[in-house]
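Q: Right, I'll just put the structure down here and ask away after.
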Amino acid sequence: MSIRSDPLIGVVRPPHRAASLALWLDRESVFSWLMMTLPLLFLAAFVGYPFVYGILLSLQDRPVAQPGHFVGLKNFIADYHDPIFWRVAINTFVYTAVATLLKMVGGLGLALAMNQHFRMKNLVRAVLLLPFIVPTVLSTVAWMWMLDPAFSVVNRILIGLGWPRPGPSWLGNPILAMCSIIVINTWRGLPFYGITLLAGLQTVPPELYEAATIDGASGWQRFRYVTLPLLQPIILIVTLFSVIFTFADFQLVYVLTHGGPQNATQLFATYAFDIGMGAGQLGLGASVALTMLPALALLIVALTLYLRKQ
Amino acid sequence: MSGSSRRDFLKIALAGAAGATFAPGAGRAAGKTVTFLHESSFIKTFDEYMQNTLAPAYEKATGVKVVYELTSVGSLPTRISTIAETGSGADVTMIFLLYPFLFADKLMDVGDIAEDIGKQQGGWYDAAKEAGIVNGKWKAIPHSNIGQLMNWRTDWFAEVGVKKFPETWEELYEVGKKLKAKDHPFGFELGHGFGDNHGWLYPLLWSYGGREVEADGKTVVIDSDETARAVDFARKFFKDTMLDDVLGWTDVSNNKAWMAEQISCTNNAESILWFAKRDFPEIGKVTDQAQNPAGPKGRFHLLNCIGHSIFNFSPEKEETHKFLRWLMDEKQLGGWYASADSYYQPFLHAYDNAPMWQVEPRNIPYRDAMASAHLPGWPAPPNRQLAEVVAKYVTVDMFAKACAGAATKDVIKSAEAQLKEIYRAV
Amino acid sequence: MAQGMVPGMVTGHGWLERTLRVWLPVGCFLVLALFPFYWMAITSIKPNAELYNKNLMPLLVRNPTLKHYVDLLTETSFLLWTWNTMLVAVVSTAISLVLGTMLAYPLARMRFAGAGLIAMTVAAVYLVPQPLLFLPLADVINRLDLGNTLTSVILTYPTMLVPFCAWLLLGYFKTVPKELEEAARIDGAGRLQTMRQIFLPLCIPGFISAGIFAFTLSQNEFLYALIFLTKSSVRTVPVGVIAELIRGDVFYWGQLMAGALLGSIPVALIYSFFVEHYVAGLTSGSVKG
């Protein structure tokens, strides 16, 4: 601007200030922080605050409808001495690890199978998502019936092959019960894994396959050296989501076995619920739920490192 | 409008249009009323009697409106917790099991009503006092028991020569062995349900003289010969008479198994008979009910007392108090009990010979069972430790693990360790 | 490659090879995925007498009846619950998409101090498990006096949806070419204007894919609904069905299965409509994200 601007200040100022306000708002940092304010406030209010509250709860002795008082790590020490707690921890890790593995492998298989053209592909794709769409509690009720030895098709087949009646007790035997919940979880989550991986498969440029074929690579080698590496980011993301959801699973067990037989299917979420809502011990329940956090963080870090290395 | 503000507009419009389900406070009734929270009854006519007969009658007599709020089966503890925590939501509520003790601080002392009613209607069963009195004060007016008793197939028992239900556990065991051989096994829940497992396991333990914790609420005495005998019995009872699947059963499983004609005997509330009569009349005809068998130290039953409590923070305390007194008066109470036939077993001796027992005489054992009914964890006083023991299935799993094959010594030791840990602070 | 060919297309081989490569594996997955639905469908039309009969082959029905569907629709509040569920799902999804965008856009496009920290915080929020939050959230909801209102779940569902939407949208936003926005800025448009008028319309596939996932999670949610919604009139399908079609220890199996089918098939049909966009959205967003 020229030196002439000074006498003109009185006239120019209002629009200048409005313009500079607009300019200020448009600065990257200002714009960004303003934009993020609402969601951050929301998360702070509905996640941050309850999270801190939850931590405080876990450090208190807090029976329902009564005031709490601070007891430090007493709840965690009680959990440490609680044999059910350790059973629950093992159950949750095993459940998560096996189900996720099955979903990953199965999902990949599904994606490969679906990555071919055939009629009604879109319909099949949508229909395959049904296990994921149907409310878990309802499909679990159906499974309850399917796993009853008297009605189970598998049992009938096994009995036909010579197995002694009435056949395996899918929900009564601790190991079979854990297998059952893993199977149901896999059934529920595999389609989502599969469809997502399929999306990834479809972005692999065909030229890469052609080049590999020209170089003499077999089908398996093409898969191992072309497909897998390119799918890695998707596999990572879907697996992370899957691990988080599976680890915190509640509905399936709550409806099917409520933790039985003898706590063989008790998970962190259902145990915390029983203690908090059943026994009315809100502090102790919170302490069980809180232990999920470092466990989950550990799993995620380990997973990320492992997959990044591949 | 761009995408996001279109979304905003829609949100606001919807919120405005459906204000009733969204606005704060919309969950409660407004105005001078008494809000009566109740769990939805298994017997529809019972709720209807309150809604269509009792509530209007009270309003006509006093001008006070009674709002009968029903919450679905299983969600009452959650609802009560919420109300107790926030200090608002209902004035008087149905309450059961150990909840009068857990929420005692928020419940009004209703001893005056209890004394009155007791005098008026023949006196209370001891079990009622066990369930309603907390630290010497009545915190709930007991209404009825929902008993857990033996259900048995008269036709199949007759096939092995048994016309009357066995008196003792050992006799029942012998019958069970024969019936299992005929492909009509027993089915007693050993999983993580709530009623049908505690309904026979605690009475089994007590009838052998076993107990978790003494009446002083401190001494853990589960490690005893009596307990060992009960556990040993349970193991052979499971192995020789039952389906394997019962280890994973929840409360619904034995009902299902009964209608599928898989089992010949189980422990249940009246729901099996009721449902059979309604949907499977042929099965209903051959279903009968009986008291639990006796062990060496007596015959016991599980107490599942439904009662009513007044929240002491209720703004309508006085009105609610009057309402409850009116409700429990024999003029109202008798009709209300009768509307559900004998599904609810009254705790007042005046009803011991009421006509409603003749509507379905097979329910009479439920009445007789009340004399020997106790809360889970008895004789330990009901308190938070007991609630924790029950919520963690300590006793149920002790029996279940033994049935699944573990040694009696081990399961008792492990239960003892858990109990000691839970009762340590006392 | 010949014209009109697409990678992976099975051509020039006999129907046998086609069957082995396509129909056998796909068929396998279809059977495994749909078998329980077949069971649900059969159960929902079986009269009780057949349903409980353990001697009959469970996979067949002799005297089909629509009684369970009729009972479900007339004797329970199933339609009301479905309405509640859809309403809650739509509004929660909308809120989550909006808030997710507000988080993802600056992180994708702007450079500013604290960006890394925010990104990590959002990811960390995702790790906080529902079972830990439900107790304190119950307290928050009660203090706001929102117990037994749909608002309680509409406000709490985004807690699990916003981080996911933000994450997914972030990946997607990064793949959108910057040229159009830069051109608009050179023309003098403000950042907000650019974002709303130029950028967001390009991201529809991303919104669809995030929206579909959020919608599914929302209509499937159980724990918060169990705690906050205890009156029948405000219940959502998962809780309503479990609470009211299970009276004490009696399950109304036929009606439960009818509810399962009525609750999922319409949604699946909607999905089949959107699935093209869904896949496209995920592809751009995730592989490069």
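Values quoted throughout were computed directly from the atomic coordinates according to the rules given, and no laboratory measurement underlies them. Computed from a predicted structure; not experimentally measured. Because the Cβ atoms are built from the backbone with ideal geometry, glycine has one as well, and the counts that use them run over all protein chains shown.
Q: Simple spin-label model, 7 Å along Cα-to-Cβ: residue A:21 to residue B:155 in nm?
A: 8.7
Q: Which pairs in the list B:106/C:231; B:65/B:322; A:74/B:413; B:129/B:331 are over 20 Å apart, alpha-carbon to alpha-carbon?
A: B:106/C:231; A:74/B:413; B:129/B:331
Q: Sort C:178, B:180 so that the residue with the fewest other Cβ atoms within 10 Å of its own Cβ comes first and the one with the most comes last.
A: Listed from fewest to most nearby Cβ atoms, that is C:178, B:180.
Q: From the convex hull of the Cα coordinates of segment B:46-121, what is the mean projected area in square nanometres?
A: Taking a quarter of the hull surface, the average projection is 6.5 nm².
Q: Report the charge-dipole magnitude of the protein assembly as shown in Debye, nearest 20, computed about the Cα centre from +1 at each Lys and Arg Cβ and -1 at each Asp and Glu Cβ.
A: Dipole of the protein assembly as shown, to the nearest 20 debye: 2680 debye.
Q: Give me the one-decimal Kirkwood hydrodynamic radius in Å for chain B, with the sum taken over alpha-carbon pairs.
A: Hydrodynamic radius (Kirkwood, Cα pairs) of chain B is 23.1 Å.
Q: Given a Förster radius of 56 Å and the C-beta distance between residue B:48 and residue B:223 as r, what FRET efficiency does 1/(1 + (r/R0)^6) yield to the nearest 0.05?
A: 0.65
Q: Take the Cα atoms of segment B:286-426, build their convex hull, and give its volume per residue in Å³.
A: Considering the Cα atoms of segment B:286-426, their hull volume per residue is 175 Å³.
Q: Could you state the per residue volume, in Å³, of the convex hull enclosing the Cα atoms of segment A:183-278?
A: Normalising the Cα hull of segment A:183-278 by residue number yields 108 Å³.
Q: Would you work out which of C:28, C:225, B:191 lies farthest towards the positive end of the dipole of the protein assembly as shown, given +1 charges on the beta-carbon of Lys and Arg and -1 on that of Asp and Glu, about the Cα centre?
A: C:28
Q: Still on this model: Looking at segment C:70-287 from every direction and averaging, what is the projected area of its Cα convex hull in nm²?
A: 14.4
Q: Tell me the angle of helix C:204-220 to the major Cα principal axis of chain C, expressed in degrees between 0 and 90 and rounded to the nearest ten.
A: For helix C:204-220, the angle is close to 40 degrees.
Q: When the chain is fully extended, how far beyond the present Cα-Cα distance does residue B:349 get from residue B:410, taking 0.36 nm per residue of separation?
A: Full-extension gain reported as 17.6 nm.
Q: Something else: Over chain A, what is the relative contact order in percent, taking alpha-carbon pairs closer than 8 angstrom and at least six residues apart?
A: For chain A, the relative contact order is 27 percent.
Q: May I pose another question? Relative to the first principal axis of the alpha-carbon coordinates of chain C, what is the inclination of helix C:78-109, with its axis defined by its Cα atoms, in degrees from 0 to 90 and to the nearest 10?
A: Relative to chain C, helix C:78-109 is tipped by roughly 20 degrees.
Q: Separate question: Can you compute the equivalent ellipsoid semi-axes for the protein assembly as shown, i.e. the square root of 5 times each eigenvalue of the Cα gyration tensor, sorted largest first and rounded to whole Å?
A: Semi-axes from the Cα gyration tensor: 53, 37, 26 Å.
Q: Show that you can apply the helix-only estimate: for chain B, add -39,500 (n - 2.57) for every DSSP H stretch of four or more residues, divide by all residues, and state [θ] at 222 nm to the nearest 500.
A: Mean residue ellipticity at 222 nm (helix-derived): -13500 deg cm²/dmol.
Q: Next question. Once label points are set 7 Å from the Cα along Cα→Cβ at both residue C:80 and residue C:183, what is their separation, rounded to one decimal in nm?
A: The modelled label-to-label distance comes out at 5.5 nm.
Q: Could you pull out every one of the aspartates and glutamates with an alpha carbon less than 16 Å from that of residue C:174, ignoring same-chain neighbours closer than 8 positions?
A: Excluding near neighbours in sequence, the set is C:182.
Q: Taking other Cβ within 10 Å of each residue's Cβ, how do B:46, A:76, C:215, A:118 sort, fewest first?
A: By the 10 Å Cβ count, ascending, the order reads A:118, A:76, B:46, C:215.
Q: Taking amide H positions as placed 1.01 Å from N in the peptide plane, with prolines and chain starts having none, which residues 5 or more places from residue B:301, or on another chain, fall under 5 Å of its amide H?
A: B:373, B:374
Q: Give the order of B:170, C:244 when sorted by the count of other beta carbons within 10 angstrom, beginning with the fewest.
A: B:170, C:244
Q: If you place +1 on the Cβ of every Lys and Arg and -1 on the Cβ of every Asp and Glu, how big does the dipole about the Cα centre of segment B:242-295 come out, in debye to the nearest 20?
A: In total the dipole reaches around 160 debye.
Q: Can you tell me the equivalent ellipsoid semi-axes for segment A:92-226? Use √(5λ) from the Cα gyration tensor, largest first, whole Å.
A: 36, 17, 15
Q: Averaging sequence separations of C-alpha pairs under 8 Å and six or more residues apart, then dividing by the length of segment C:19-65, give the relative contact order as a whole percent.
A: 33
Q: Under a plain spin-label model, where a point goes 7 Å from the Cα along Cα-to-Cβ, how far apart in nm are residue B:163 and residue C:59?
A: According to this spin-label approximation, the distance is 4.8 nm.
Q: Based only on the alpha carbon positions, what is the Kirkwood hydrodynamic radius of segment A:13-73, in angstrom?
A: After inverting the mean inverse Cα-Cα distance, the result is 15.2 Å.
Q: Please compute, for peptide A:281-291, the average count of beta-carbon atoms on other protein chains lying within 10 Å of each residue's beta-carbon.
A: 4
Q: While we're on this one: Size of the dipole of segment C:70-287 about the Cα centre, Lys and Arg at +1 and Asp and Glu at -1 on the beta carbon, nothing else charged, in debye to 20?
A: So the dipole magnitude of segment C:70-287 works out to roughly 600 debye.
Q: Let me ask something else about it. Rank A:112, A:250, A:144 by how far each Cα sits towards the positive end of the charge dipole of segment A:82-309 (+1 on Lys, Arg Cβ; -1 on Asp, Glu Cβ) and give me just the farthest.
A: Result: A:112, furthest along the dipole toward the positive end.
Q: Now a separate question. Tell me the angle of helix A:28-43 to the major Cα principal axis of chain A, expressed in degrees between 0 and 90 and rounded to the nearest ten.
A: Helix A:28-43 sits roughly 40 degrees off the main axis of chain A.
Q: Ok, one more. Let me check I've understood the local charge: for residue A:282, count other residues with C-beta under 13 angstrom from its C-beta, Lys and Arg +1, Asp and Glu -1. What total comes out?
A: -3
Q: If you don't mind, there's one more thing I want to ask. Hey, can you rank C:96-104, A:228-236 by average C-beta count inside 10 Å, highest first?
A: Result, highest mean first: C:96-104, A:228-236.
Q: For a protection proxy built on the mean count of beta-carbon atoms within 10 angstrom, sort B:219-230, C:259-270, A:292-303, C:162-173 highest first, please.
A: Final packing ranking: C:162-173, C:259-270, B:219-230, A:292-303.
Q: Another question, then. Can you pull the mean other chain C-beta count within 10 Å for peptide C:230-236?
A: Mean shielding by partner chains, rounded to a whole number: 5.
Q: So, R0 is 45 Å and r is the distance between the beta-carbons of residue A:90 and residue B:105; what FRET efficiency does that work out to, to 0.05?
A: So, using R0 = 45 Å, E works out to roughly 0.75.
Q: How many Cβ atoms of partner chains, on average, are near each residue of C:102-108 if near means within 10 Å of its Cβ?
A: 5
Q: Another question about this same structure. Which listed residue (B:76, A:287, B:267) has the Cα farthest towards the positive end of the charge dipole for the protein assembly as shown, taking +1 on Lys and Arg C-beta and -1 on Asp and Glu C-beta about the Cα centre?
A: Selected residue: A:287.
Q: Right, here's the next one. Once you have the alpha carbon radius of gyration of segment A:82-309, what is it after dividing by 2.2 N^0.38 Å, with N set to its residue count?
A: 1.18
Q: Rg and Dmax of segment C:141-208 over Cα atoms: what are they, in angstrom?
A: Answer for segment C:141-208, Rg first and Dmax second: 17.4, 51 Å.
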